[in-house]
Every structure is written in C-alpha cells, then in structure tokens.
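Q: Structure incoming, see below.
Please treat every number below as a calculation from the coordinates, not as lab data. Since this is a predicted model, take the numbers as computed values, not measurements. Quick reminder, even Gly has a Cβ in these numbers, built from the backbone with ideal geometry, and neighbours come from all protein chains shown.
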Amino acid sequence: MHQRQLFLNYLAQTSDFPLALEIEKAEGVWLYSPDGKAYMDLIAGIGVSNVGHRHPNVVNAIKNQVDHYLHTLVYGEYVQAPQVQLAEALVQTLGNYRTPMGFALNNVYLTNSGAEAVEGAMKLAKRFTGRTELISCINAYHGSTQGALSLAGADFFKQPFRPLLPDIRHIHHGFITDLEYITTRTAAVVIEVISAESGIRVPSREYLQALRNRCTATGTLLIFDEIQTGFGRTGSFWAFEQFGIVPDVLLSAKGMGGGMPIGAFIAPQELMKVFKNNPILGHITTFGGHPVSAAASLATVQTILEEKLCESVQAKAELFRELLVHPAIREVRGHGLFMSVEFANFTQLKAIIDHGIENGVITDWFLFCDNSMRIAPPLTITEAEIRQACEVILNAVKAVVD
Ligand code: PLP
C-alpha cells in the first residue's frame, strides 16, 4: 500500500484535512518529498527547527549518544552526562537573572514535551504556594493533556472534555486592567511572553512589568511559557530578556530539542525542592530528558550560541517586513522571526497558503487566529531564501486576490 494510504488508514487522524505531504528528507530550511520536490519550511515544524532541520551538530550529538547509551533508568536517578550538561548549559543561558525572591533560575526538570513541562510547573506552583487557583490567558494554548488543556483560553477545544481542572481563571493577554484578577488566592499565572496562537500578539513592556509586579505583590508565581518564544526565536535566547523582568518559572520545549522531543521547566532550587517530599517523587517521568534528546538539545544550545543565531534575527525579520507588502496584507505582526501576516479572512488566507505550498513554501495559520499567516522559519534561513519565500508568498497573494 502507498505510504499516504497507510497514513490515512493506520495513523490516528486529528482532522479530516491533514496536510499529508510525504517527506523523505529534510535539511536546513528544506523538506523534500519522494518525487524530489523541495518545500521551504517557513514554520520550522511549528516552532521546532530553530537551528534548521538536521543541523550537523545535532545529528553528530545524536549519533555519538546512540553509541553510548539509550534509556537507562527513569528520570532523576542515574547521573547521565547529556542531562547534566544540558541542565548546566540552560542555567548558564539564564546567567545572573534573579527572581524577585532573590533566587537564580538554577534548577532544571527535563520532560518529554511542552505539555509535560506545563503540567510539572502547575504542580510545582500549587505545591510551593499551597494555593489552587491558576490563571492563564484567553486565546492561549499550553498543550493538550488535561491539565494544560484546562489552561487553554478557548472553550471550543475544552468543552467536550469537561470536567477539566477546577479553579482556573482567564485574563486577556496584554490588558493591564485584568491584572486585578491576580490575588493572594492565585498560585501562578501561566503566560506566554508573546501570545502565539492568538496570532502573535506582542504586549507592551509596561504590561509585562505590571504583571511581574502584581505577581510579586500577591505572592503568585509568574510562569513564562517560552515553548515557542525560547531558543532564539525572538532575537534573544529567551524572549523575556528583552522586557526587563524575570519569571519565577520558565518553560521550554519545541526548539529546545533541535528536532528531538524534550521539554523543561526551570525554576530556582528553592522552589523545585518541593518535589522531594510530601509526597516524595512529586513529579516523575520515565523518558523525560531522554539521553539522546538531551544530547541533541545540548548541541542545539551550543549551536545557537556559537553560530550567534540570535544576532541576525532582527535583520532577517526586517527583510520579511520589507518584502511582504501588498494591499491585501493588512498587518505584519511579531517580534524577531516570530511573525504573523494578516489577511481579510480565512478563505482568502487558506487559498494563499495552499498556493504557496503548491509552489514550495509551507506556511500555516494559528489555532485562535485563522486570518493570519504563521511565519517562523529556522533562524538559519538565509537572505536569499527569505527573498525566494516572499516571492512565492506574494505570487500566491496576487494569484488569489488580484
Ligand atoms: N505551550 C505552547 C506555547 C505551545 O505552543 C505548545 C505547543 O504547541 C505547548 C505549550 C505544548 O507543547 P507540546 O506540543 O510539546 O506538548
């Protein structure tokens, strides 16, 4: 049977209209189908391939680790070099930042995925503060497991799965007036620095500082979900670094693995130690921080730093903005290579995206914003590739709109 038919027959489907592109090989910003057609991946596998597909450093790190060991024992028992070196490297990216409690972000819990990092952080906040209420944002997405889903800011995805977690409250991202809902009852606010799935909404510096202050004043932990914005995406290793505030807990995944599955929640040791008692083994995982994924992630951190990938992000983003001009483009939003291009409506956007894919450029829309095109390419994309991508997008716009 053809691969495509096997895909449709045997793999659980999550919609009736999967993209269903068949991929045989990937390299840099390019995906290749078996018939030799090349597609430029302008969404980096949804925020994952920040260092490009199959970066040689990542591939070598994986090969090297495979030659040593795979799984050895559940998370947190054996000393495994890839895990501890990754944890050290992540803590080093957080340098001298101190939380308002005066703590360094110096302790890393490695997970399988973003959702698991969210789950672990939610438990950490409840356990550390002794409170139950959690606050997240309207039109936010933090994962599909039931705890993370409870944080999602749209009923459409939640209603059929209720009851979900109780005591969750939602505020509008970027609205200072909503911060009053954060009180001494609130264990944590789980929030993205830049709201991704609402179509890339960048809040003001003033908002983020007011949020930090309100959390500090009420003894609420501020948990930044940097699962999409971390690992250089916005032009600094972590997005929060550009806003003059420090979270109490930081979440990572997606781009963190350089194409391998891994996530993390990072917090001061003073917070993280709650998992050691009452109960002992407060959060455990079999495969969290798998050594091959951890080796790939360490190579990813090193590559971003050694190749100074953050430094060119701004110029590349500006080139996109310079080129993506057409009367049908209502707005280009974003921060660094975390961008969205707004069109009139979904019908128009979908036709443009389909035309682009047909002509070798993959883009997408957002979970909670279906009139805007997602552009978040590998940070390694070249100027020539940006020009080529924008030409294909503009041709698609002209074909659909003009
Ligand atoms: N948080 C954010 C901001 C995300 O975009 C996602 C995934 O899209 C998640 C959490 C969940 O990550 P994962 O899909 O690895 O569980």
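Q: Sequence-distant or interchain residues sharing an amide H contact under 5 Å with Val29, placed H: which?
A: Close amide H contacts, sequence-distant or interchain: His53.
Q: Expressed as a rounded percentage, what relative contact order does the chain have, with Cα pairs under 8 Å and six or more residues apart? Walk me through the numbers before you get to the answer.
A: On the way: 817 pairs, mean separation 91.0, N = 402.
That works out to 23 percent.
Q: What is the distance in Å between the Cα centres of segment 266-319 and segment 106-183?
A: Centre-to-centre distance over Cα atoms comes out at 20 Å.
Q: Where both residues lie in segment 63-306, what percent of DSSP beta bridges are antiparallel, nearest 5? Walk me through the numbers on the way to the answer.
A: On the way: 10 of 24 bridges.
Of all bridge pairs located within segment 63-306, approximately 40 percent are antiparallel.
Q: Between 0 and 90 degrees, rounded to the nearest ten: what's the tilt of helix 114-129 against the longest Cα principal axis of the chain?
A: 20
Q: Next up: Please determine, in degrees from 0 to 90 and to the nearest 10, the orientation of helix 313-323 with respect to the longest principal axis defined by the Cα atoms of the chain, where the helix direction is its Cα long axis.
A: With both axes taken from Cα atoms, the answer is about 40 degrees.
Q: Suppose a student asked you for the relative contact order of segment 161-310, using Cα pairs under 8 Å spaced at least 6 residues apart; what percent would you report?
A: Dividing the mean separation by the residue count of segment 161-310 yields 18 percent.
Q: Please arrange Ser204, Ser195, Ser15, Ser144 by counting, for each residue, the other beta carbons lying within 10 Å of its beta carbon, fewest first. Don't skip to the answer; put the middle values down first.
A: Numbers: Ser204 11, Ser195 27, Ser15 6, Ser144 14.
Ordered by Cβ neighbours within 10 Å, fewest first: Ser15, Ser204, Ser144, Ser195.
Q: I've got another one for you. What is the sum of charges around Gly45, taking Lys and Arg as +1, Asp and Glu as -1, for the other residues whose C-beta is under 12 Å from the C-beta of Gly45? Spell out each step's value before the answer.
A: Values: positive: Arg54, Lys254, Arg374; negative: Asp41, Asp364.
Here the charged neighbours net out to +1.
Q: A further question on this structure: Starting with the fewest neighbours, write out Thr184, Thr99 ranked by other beta-carbon atoms found within 10 Å of each beta-carbon. Walk me through the numbers before you get to the answer.
A: Working: Thr184 11, Thr99 22.
Going from sparsest to densest Cβ surroundings: Thr184, Thr99.
Q: Under a Cβ-only charge scheme (Lys and Arg +1, Asp and Glu -1), can you give me the dipole magnitude of the chain about the Cα centre, in debye to the nearest 20?
A: 920
Q: Lys and Arg at +1, Asp and Glu at -1: add these up for the other residues within a Cβ distance under 15 Å of Thr380 and post the number.
A: On the way: positive: Arg54, Arg233, Lys308, Lys316; negative: Glu27, Asp41, Glu306, Glu307, Glu311, Glu383, Glu385.
For residues surrounding Thr380, the net value is -3.
Q: Skipping prolines and chain starts, which residues have an amide H placed within reach, meaning under 5 Å, of the one on Glu192, given they are 5 or more residues away or on another chain?
A: Those qualifying (amide H under 5 Å, at least 5 residues apart or on another chain) are Asp225.
Q: Restricting to lysines 8 or more places apart or on different chains, can you count the pairs in the chain with Cα atoms under 15 Å from each other?
A: Details: Lys25/Lys37; Lys123/Lys273; Lys123/Lys276; Lys126/Lys273; Lys126/Lys276; Lys308/Lys316; Lys350/Lys398.
Lysine pairs meeting both conditions in the chain amount to 7.
Q: Given the peptides 35-41, 51-57, arrange them by the average over their residues of other C-beta atoms within 10 Å, most packed first. Walk me through the numbers before you get to the answer.
A: Working: 35-41: 15.4, 51-57: 20.9.
Ranking, from highest mean packing down: 51-57, 35-41.
Q: Still on this structure: Cut-off is 10 Å between beta-carbons; in what order do Asp155, Asp370 appear when sorted fewest neighbours first? Write out the running numbers ahead of the final one.
A: Values: Asp155 10, Asp370 14.
So the ranking, lowest neighbour count to highest, is Asp155, Asp370.
Q: What is the packing order of peptides 292-301, 72-81, 237-246, taking the mean over residues of other C-beta atoms within 10 Å and listing the highest first? Write down the numbers at each step before the final one.
A: Values: 292-301: 26.9, 72-81: 13.1, 237-246: 20.7.
Highest mean packing first, the order is 292-301, 237-246, 72-81.
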